[in-house]
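Read through the structure below, which is laid out as structure tokens, and then see the notes.
The values are calculated or read from the model by the stated rules, or taken from the named source; none is laboratory data. Bear in mind that the values here come from a model prediction, so they are computed numbers and not experimental data. Because the Cβ atoms are built from the backbone with ideal geometry, glycine has one as well, and the counts that use them run over all protein chains shown.
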Amino acid sequence: MKIGVIGAGSWGTALAALLAEEAKNQVILWAFEPEVVTGINQNRRNPLYMSQAEMPKALKVTDKLRTACEGASLLVNAVPSNHTRKVWRQAASFVKPEGIVVNAAKGLEEESGRRLSQVLAEALSRLDPGRIVTLSGPSFAQEVLAHQPTTVVIAGPDKKVAERVQKIFRREWFLVYTHEDQVGVEMGGALKNVIAIATGICDGMGLGYNTRAALITRGLYEMTKLGKALGANPLTFAGLTGMGDLILTCTGELSRNRTVGLRLGKGEKLDAILKNMKNVAEGVKTAKVAFQLIRKHKINNPVFTEVYRILHEGKDPRQALKDLLAIDLKEELGGLL
């Protein structure tokens, strides 16, 4: 089977390596950066994002979308949210209508507020939307490359398509569940990054475990409220793409979004933090989209609101904390069940 992975950041590289370990797969990774193409093809290393890990010999890398996409039975999107539409519009004519596209990126399109499976459906208008599924869950790329036990979920409207993708990705150390709630799975994967920034801010300010636990719990509640307003099943957020990914991203040292928050909490400026980050911290853009969705649906989500104001209005994190502590308290799960 020919498989094309589009996007050679940490996550795209890890998934391409996983898929290339299966001998019957012909896996081609598309990279924008010439040094990544050369690095993996010649030295079996991704010099920009995953230089510590050796790639499978079967993995090939190209900077031509046609080479990666044409004739592929399965395509994987690992492009950051702000580039997804542009890249897949360019790739659209090479994608066969009977193919399957897996969205593995976690974010929301900033301009439209759309989920990335929706963006892919619009960019790939010849493809049946039922053939676009979402892969999400608690999964640091570095640990996937190291074959650390990892569990994710595949979600889509067509159960048979999801089950087929499940079998393609399944390894004895990479467990893949299926799910029918694509809205909830995608929203969980996107929104948890905002709460990870919030948790990092509190850690950077020197606050304790009580604060972290409260923030993660209330963050999950706010994620679920917004997801429900968009048509998701609230129970989805109790699973891998909600609670599972949230815990990982809020507490793991490898979390880019937590790192952004950590540095903000220590007094650094956002522009300076983002300037020297190789991989994208999706939570920064997602915070803006989430704030717009909260206002549109008239939802009271104070944690998301304060993170937005810190990131995009320059609010001081200490003032944001004071304002959160001063909110009116109501029923814990009010408006959710």
Output the number of residues of region 183-233 satisfying the condition of being within 20 Å of Arg263 (Cα to Cα) and of a type in the set (Phe, Trp, Tyr). 1
Conditions first: (1) charged (D, E, K, R); (2) surrounded by fewer than 16 Cβ atoms within 10 Å (Cβ to Cβ); (3) farther than 19 Å from Ala68 by Cβ. Lys96 passes all but one, so which condition is the exception? (3)
What number goes with the only condition from (1) in a helix (DSSP H, G or I); (2) more than 13 Å from the chain's Cα centre (by Cα) that Leu127 does not pass? (1)
Restricting attention to region 148-200, report how many residues are more than 19 Å from the chain's Cα centre (by Cα) and under 18 Å from Ala290 (Cα atoms). 0
When Ser117 is run through (1) assigned to a helix (DSSP H, G or I); (2) of a type in the set (Ser, Thr, Tyr); (3) out of contact with any strand residue (DSSP E or B) (no Cβ under 7 Å at 6 or more places or on another chain), the failure sits at (3)
Residues within region 118-134 that are surrounded by 23 or more Cβ atoms within 10 Å (Cβ to Cβ) and within 21 Å of Ala290 (Cβ to Cβ), tallied: 3
Which ones in region 287-317 are farther than 14 Å from Ala229 by Cβ and either surrounded by fewer than 13 Cβ atoms within 10 Å (Cβ to Cβ) or outside the structural domain of Ala198 (by TED's automatic domain parsing) (or both)? Glu313, Gly314, Asp316
Extreme residue, surrounded by the most Cβ atoms within 10 Å (Cβ to Cβ), among residues of region 30-47 that are of a type outside the set (Phe, Trp, Tyr), touching a helix residue (DSSP H, G or I) at 6+ places or on another chain (Cβ under 6 Å) and within 19 Å of Leu65 (Cβ to Cβ): Asn46
